[in-house]
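To keep things clear, I will list the structure first and then write my remarks on it.
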Amino acid sequence: MNELAPYARLGNSECGVIFDALMRIVNGPTLNSIFVNDLPVSQSEAADLMFAPLEELGFIRVNSAYTKQMRRINELRANAAQLQADLPSTERRLNTLGVQIKHAADLRTKKRLLKSKSKQWEEASRHETLEKERNELLKKRSAAMAAGQELRAFSEQVQYALNKDEASGRYVWIDRAARCLTEHGRILLAGIETVPEAHRHGRRLADVLTLGGLLV
């Protein structure tokens with residue numbers, strides 16, 4: 001591909017829109033900052049429609065490996081948060097069940113020979129139901145603890161990899177992907193920045209890059 005071809009293909013696009021998309025990459029949260037400052041991995045902002053053509057033409061690069069890892073962290077965070085949110089009620093119910101199970105066990109052994117078969121069955125069934133509920137809640141509590149441990153372990157693994165990779169510092173987390181400006185992207189941004197802000201919006205990129213400081 002001719003080196004100028006990507007610029008030519010963007011020529012009819014509005015310069016201000018392109019500039020805003022590039023600046024979102026420049027100002028986005030770096031991957032490392034998400035761990036250092038505990039920033040959210042998920043983002044609800046609408047996808048920038050300029051990212052796709054800028055990526056296709058080589059002005060923006062997406063790191064698929066980092067994107068996959070950060071999305072996995074997002075999934076683990078959501079799962080752990082949900083399970084952790086339920087822990088207080090789980091603990092309260094476990095405490096209540098502890099008392100109820102002890103009471104049910106005492107009833108089963110008290111004057112057992114004087115009880116009818118149906119009464120013995122009723123008390124045994126009650127005790128079994130309470131034990132079953134407690135076992136389910138214990139599993140739920142264990143799952144919450146395991147989810148937190150899995151999140152911490154995976155986050156530490158990803159952060160270690162980021163710290164070892166000098167190139168990772170260029171990537172930011174924008175629209176659920178790890179993105180950075182390529183060399184062409186930085187050149188394009190520098191070219192647009194030579195034009196006063198008032199002249200960037202509402203004009204074609206081709207006009208801005210060609211006329212530059214002559215725009216009035």
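For the reader, a short list of remarks on this structure follows.
- Under a model in which nothing but the beta-carbon of Lys, Arg (+1) and Asp, Glu (-1) is charged, the stretch 139-189 shows a dipole of about 380 debye around its Cα centre.
- Taking amide H atoms as placed 1.01 Å from N in the peptide plane, the amide H of ASP175 has no partner under 5 Å among residues 5 or more positions away or on other chains.
- Theoretical ellipticity at 222 nm over the chain - DSSP helices of four or more residues, -39500 (n - 2.57) apiece, nearest 500: -22000 deg cm²/dmol
- Look at the dipole of the stretch 70-162 built from charges on Cβ: of ALA144, SER89, GLN100, the Cα furthest out on the positive end belongs to GLN100.
- Longest DSSP-loop-exposure-free segment, GluC sites (Glu not before Pro), the chain, at most 16 other Cβ within 10 Å: 46-216
- Within the chain: Cβ-based charge dipole about Cα centre, in debye rounded to nearest 20 (Lys, Arg +1; Asp, Glu -1): 1940 debye
Readers should treat all values here as calculations from the given coordinates under stated rules, not as data from a laboratory. Note that the structure is predicted; figures quoted are calculated from it, not measured. Don't worry about glycine lacking a Cβ; one is built from the backbone with ideal geometry, like all the others, and counts go over all protein chains shown.
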